[in-house]
Amino acid sequence: LRQRNIYDFQLVPGNRSLIVIDLARQRYRLNFMGKCYDIQHQFGLRFKSFGVGTLSCIAKGDSVLLHDPVGPGECIVQSVQYQTPELDRADFAAAQAAKQH
């Protein structure tokens, strides 16, 4: 997942992950070190990578930056993986369970 190729994102129930879509419509799951508070209220995100240049890939230790008027909002990436159909089903089930509670 190259920072330069990020096209869109989707929220994952629980605020511990984020699905990021690149220009080739490949979907990646960014798992955070902990809960990423207030990410569900964001319209745009920024990515902070320790790689050199815009061709560097998002990796463990990089951050997703949130626009937060109170202070800097930052979610640290624990891992990056492909978003699989199994993960889609688990996310859907988690969203349904959250709606029932």
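The values are calculated or read from the model by the stated rules, or taken from the named source; none is laboratory data. This structure is a prediction, so every number in the text was calculated from the model and none was measured. Please note: Cβ atoms are built from the backbone with ideal geometry, for glycine as well, and neighbour counts cover all protein chains shown. Heads up: the accessible areas ignore ligands, DNA and RNA and are worked out on the full protein's heavy atoms, side chains in. Shrake-Rupley method; radii C 1.70, N 1.55, O 1.52, S 1.80 Å.
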inquiry  = Test of understanding: among I58, I39, I76, which residue is open to solvent by 60 Å² or more (accessible area, probe 1.4 Å), β-branched (V, I, T) and either over 17 Å from L1 (Cβ atoms) or under 12 Å from the mean Cα position of the chain (by Cα) (or both)?
reply    = I76
message = Checking the conditions here, which among L23, L1 is of a type in the set (A, V, I, L, M) and open to solvent by 50 Å² or more (accessible area, probe 1.4 Å)?
response = L23
key: strands (runs of 3 or more DSSP E) completely within segment 16-101 that count 1 or more residues being among the acidic types (D, E)   = 17-22, 73-82
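Quick grid of which residues meet (1) at pLDDT 90 or above; (2) open to solvent by 20 Å² or more (accessible area, probe 1.4 Å); (3) over 17 Å from L1 (Cβ atoms):
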residue	(1), (2), (3)
P13	no, yes, yes
L18	yes, no, no
Y28	yes, yes, no
T54	no, yes, no
E86	yes, yes, yes
Q100	no, yes, yes
